[in-house]
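Below: one structure, written as structure tokens.
The values are calculated or read from the model by the stated rules, or taken from the named source; none is laboratory data. Since the model is a prediction, treat every value here as computed from it, not as a measurement. So basically every Cβ, Gly included, is an ideal-geometry build from the backbone, and we count neighbours across all protein chains shown.
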Amino acid sequence: MDLAIVYHPDYVAPLPEQHRFPMQKFRLLKDLLLKDGIITPGQIFTPQLPDRVQLELVHNPAYVEGYCEGTLEYQAQRRIGLPWSAPLAYRTRIAIGGTILTAQLSLEHGFACNTAGGTHHAFPDYGSGFCIFNDLAIAAKVLLESGKVSKILIIDCDVHQGDGTAFIFRNDPRVFTFSMHCGINFPSHKQQSDLDVSLPEGLDDDGYLQILASHLDDLLTEVKPDLVLYDAGVDVHISDRLGKLALSDRGIYRRDRMVLSACATNRYPVACVIGGGYSKNMQELVYRHSLLHRAAKDIVD
């Protein structure tokens, strides 16, 4: 196994000043990984823009057109939580292309990590919670349609339930959805994943890792996936302003190391996305997101 990294300069698009979505983290994450020697420039792959046919494997064509053209009604845009602009619409699609490429590269390299992605609150005909199109679902559908894989496991460890992903694949036996999330957090109305693990508010490193370990091996043994898509959200951190769990930096690293090691031991390719993270301190937030890539490098080395 080796490690492939996916990044595009257009992962960053302008947002209004003081907007709480930390858009700059994607570029800063790539810069930190290079500065700390976690990756080299030769490991970075650049995604292409997906076509609308790929987006429409998951999303309603009218919704895709409405968002891409900027004609969605105000209430639909407000539900997403990100004000529409042409650069943001482009950024949204190139990030989808990044997760598709990450999934494709994982089949070649064993490990591949996007420096964005994890938009698991997007449903077929609407967006929600900063999520416009569902990159995990689109990447899964693209690979299934290509015939390169026939069974996919989605491991979602973001602090929020992957409700859009659960809904999209609720009747698709080719994709097993596993979501381990804080029970009292957004969304208030949960969907039904193939396996949901609802965690209590304030859960710390040891409690979290014990619960994850109790499910992980059985999950891999049961599903036997051709590909694992892993959402490594860092909003499980104790200082995250949208979190409500209490993991430390070390706890997040141990979580990512646990998931990736279990997959590597069984030779399951893993495509990773960084998921949510909303701490006010950008430097600390970017470092937390880098723990995923550090764990992957440590396993590969």
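If I ask for residues that are among the hydroxyl-bearing types (Ser, Thr, Tyr), in a helix (DSSP H, G or I) and either touching a Pro at 6+ places or on another chain (Cβ under 9 Å) or more than 19 Å from ILE274 (Cβ to Cβ) (or both), which ones from the range 74-105 would you list?
Correct list: TYR74, TYR90, THR99, THR102.
When the range 267-293 is limited to residues that are more than 16 Å from HIS109 (Cα to Cα) and of a type in the set (Lys, Arg), the one that is surrounded by the fewest Cβ atoms within 10 Å (Cβ to Cβ) turns out to be LYS280. Once the range 160-185 is narrowed to residues that are out of contact with any Lys or Arg (no Cβ under 7 Å at 6 or more places or on another chain) and in contact (Cβ under 8 Å) with a residue 60 or more places away in the chain, the residue that is farthest from GLU201 (Cα to Cα) is ILE168.
Is it the case that the range 2-15 has a residue that's of a type in the set (A, V, I, L, M, F, W, C), in a helix (DSSP H, G or I) and either at pLDDT 95 or above or under 23 Å from ILE154 (Cα atoms) (or both)? No, the conditions are met nowhere in the range 2-15. Only residues that are assigned to a helix (DSSP H, G or I) and surrounded by fewer than 18 Cβ atoms within 10 Å (Cβ to Cβ) were counted in the range 36-65, giving 7. A single entry from LEU55, LEU49 fulfils the requirement of being in contact with a Lys or Arg (Cβ under 6 Å, 6 or more places away or on another chain) and in contact (Cβ under 8 Å) with a residue 40 or more places away in the chain: LEU49. Identification of strands (runs of 3 or more DSSP E) wholly contained in the range 118-216 with 1 or more residues that are over 18 Å from the mean Cα position of the chain (by Cα), more than 27 Å from GLN75 (Cβ to Cβ) and of a type in the set (S, T, N, Q) yields 195-199.
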